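Asker: Before we start, here is the structure in question, set down as structure tokens.
None of the figures in this text is laboratory data; all of them are computed from the coordinates on show. Fair warning: this is a prediction, and the values are worked out from it, not measured in the lab. Virtual Cβ from ideal backbone geometry, glycine too; neighbours counted across all protein chains shown.
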Amino acid sequence: MKSYFTHLQCTWCGNEFPHEKPIRTCPDCGKVLFARYNLDAIGKNTSRDVFKDRASNMWRFFEMMPVIDLENLVTLGEGATPLMRAKNLGATLGLENLYIKDEGLNPTGSFKARGLSAAVSKAKEVGEMRVTMPTAGNAGGALAAYAASAGMEATVFMPQDAPLANQLECRALGARLILIEGLINDAGRMSQEMAAKEGLFDLSTLREPYRAEGKKTMALELAMDLGWRAPDVIVYPTGGGTGIVGMHKAFQELQQLGWIDTPQPKFICIQAEGCQPLVKAFHDGEDSAEEYPNASTNAAGLRVPAVFADYIILKVLRETGGTAIAVSDKEMVDAMTEMGSAEGVFPAPEGAATLVGLKKLLDQNFLTGSENVILMNTGSGYKYMDLL
Ligand SMILES: Cc1ncc(COP(=O)(O)O)c(C=O)c1O
Ligand SMILES: [Zn+2]
């Protein structure tokens, strides 16, 4: 397996930068950087058919990933999660092709494993062995796990009311956990201050280019599992939005490679009623989202009031013909049981929120019923016992 990672490019000003040294946001304008690959060479030298016979984890897509040397991979078997046909819910809702992608089966029980496997591997490759990060909960546990495996020192800043399971797993997996008063943005500021003070590398999502590359693999798996096509609709519970950013980028790269000839899926952004900066900005016709005041929801992963990649996500929703929907905490918690008892998948409240959103889409006649619809269950329900 050979690397085709060439450089980084700013999503705002378009300027290009080398990837050999540690880098976070655009040195010129401060916005999000994307990893760029020599797609022509990938197309010439390899084929989409090589991936299915490789070890079943997300690094099977190595040619489209940002690590140069295989020696630097920090992997715990993340990815390769099942895409299950939700036939019982589908029959109830009148959808012929409804699927759940169960990201709760990842190491540390959430899709955050993908982003952190990529970011920690790349940090190791550029020699950053002391890292820090703010988290709403699940990403902290994932960082702790990958840092432990890499022999790195990890510091995690987490709101004190994040799920107990997230706090305990961080400690058990060897991270320095700092519980803070406030929300993830406050944790982000503290993490940056600590990074400056102690010379740590900050892995805050989308403020470094590689967590999105890890999340990109969810879309690569969807395309492969559907026989090299994109689904029609992806319903995604959105906090910082790294999953939407990464999956849209993946389908774009697959289109450029000529490995799929279907259009981008419609991306549906689900947020909580108590924290819906993107839903508000989308329906107000804005290109950016203001910080959401007094953010509050039981779905810890959705409690992200200020969205750094707002301009990318809003563009993706509009360009793909998607939309944005807010759901209540009660609806989400009820939907944990509904999805669980119908399909045997025990979702995180964030994942269950996609089912609530789907029903609202059906009420709005947004779907015809024949589309290929994917509900992204981003995490395991086991970490949220107190909600039930
Ligand atoms: C279970 C779960 N779902 C969804 C999200 C939101 O993810 P993203 O940052 O990709 O929007 C989080 C983030 O913490 C999460 O833990
Ligand atoms: Zn820039």
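Asker: I need the Kirkwood Rh of the range 6-51: take the reciprocal of the average 1/r across all distinct C-alpha pairs and report it in angstrom.
Answerer: Radius from the Kirkwood sum: 11.9 Å.
Asker: Suppose each label sits 7 Å from its Cα in the direction of the beta carbon; what would the ASN15-THR368 distance come out to in nanometres?
Answerer: 4.7 nm
Asker: What list of ³J(HN,Hα) values in whole Hz, one per residue of the range 135-152 in order, does the Karplus curve 6.51 cos²θ - 1.76 cosθ + 1.60 (θ = phi - 60°) give from phi, with Gly and Pro shown as x?
Answerer: 8, 7, x, 5, 5, x, x, 5, 4, 4, 5, 6, 5, 4, 5, 7, x, 9
Asker: Give the relative contact order (percent, whole number) for the range 111-174; include only Cα pairs under 8 Å separated by 6+ residues.
Answerer: Values: 82 pairs, mean separation 23.1, N = 64.
Once divided by the residue count of the range 111-174, the mean separation gives 36 percent.
Asker: With Kirkwood's inverse mean 1/r over C-alpha pairs for Rh, give me the Rg to Rh ratio of the range 261-388, two decimals please. Walk me through the numbers on the way to the answer.
Answerer: Numbers: Rg = 14.6 Å, Rh = 15.1 Å.
So for the range 261-388, dividing Rg by the Kirkwood Rh gives 0.97.
Asker: Starting from the amide H of ALA324, placed 1.01 Å from N in the peptide plane, find each other amide H under 5 Å away whose residue is 5 or more places distant or on another chain.
Answerer: CYS269
Asker: Moving on to the next point. Packing-wise, with mean Cβ within 10 Å as the measure, how do 47-57, 321-331, 353-363 rank, highest first? Before the final figure, lay out each step's value.
Answerer: Values: 47-57: 13.2, 321-331: 19.8, 353-363: 22.2.
Descending mean neighbour count gives 353-363, 321-331, 47-57.
Asker: Continuing with the same structure: Given the alpha-carbon gyration tensor of the range 23-140, what are the semi-axes of its equivalent ellipsoid in whole angstrom, ordered largest first, with each equal to the square root of 5 times an eigenvalue?
Answerer: Details: eigenvalues 174, 88, 50 Å².
Here the semi-axes work out to 29, 21, 16 Å.
Asker: Please list, in order along the range 98-106, the HN-Hα scalar couplings obtained from phi with the Karplus expression 6.51 cos²θ - 1.76 cosθ + 1.60 (θ = phi - 60°), rounded to whole Hz, x for Gly and Pro.
Answerer: In residue order, the calculated couplings are 9, 10, 10, 9, 9, 7, x, 8, 6 Hz.
Asker: Evaluated at 20 °C with a viscosity of 1.002 mPa s, what Stokes-Einstein diffusion coefficient in µm²/s does the range 153-205 have when Rh comes from the Kirkwood expression over alpha-carbon pairs? Provide the component values of the computation, followed by the final result.
Answerer: On the way: Rh = 11.3 Å.
For the chosen part, D equals 189 µm²/s.
Asker: Ok, one more. Give me the orientation-averaged projected area of the Cα convex hull of the range 313-388, in nm², one decimal.
Answerer: Details: hull surface 22.7 nm².
Over every viewing direction, the Cα hull of the range 313-388 projects on average to 5.7 nm².
Asker: Antiparallel DSSP bridges in the chain: what percent, to the nearest 5? Before the final figure, lay out each step's value.
Answerer: Details: 13 of 44 bridges.
About 30 percent, rounded to the nearest 5.
Asker: Let me ask something else about it. Kirkwood hydrodynamic radius, computed over distinct alpha-carbon pairs, for the chain: how many Å, to one decimal? Provide the component values of the computation, followed by the final result.
Answerer: Working: mean 1/r = 0.0487 Å⁻¹.
Result for the chain, one decimal place: 20.5 Å.
Asker: Quick check on the exposure proxy: order MET218, MET376 from fewest to most C-beta atoms within 10 angstrom.
Answerer: On the way: MET218 25, MET376 29.
Result, fewest neighbours first: MET218, MET376.
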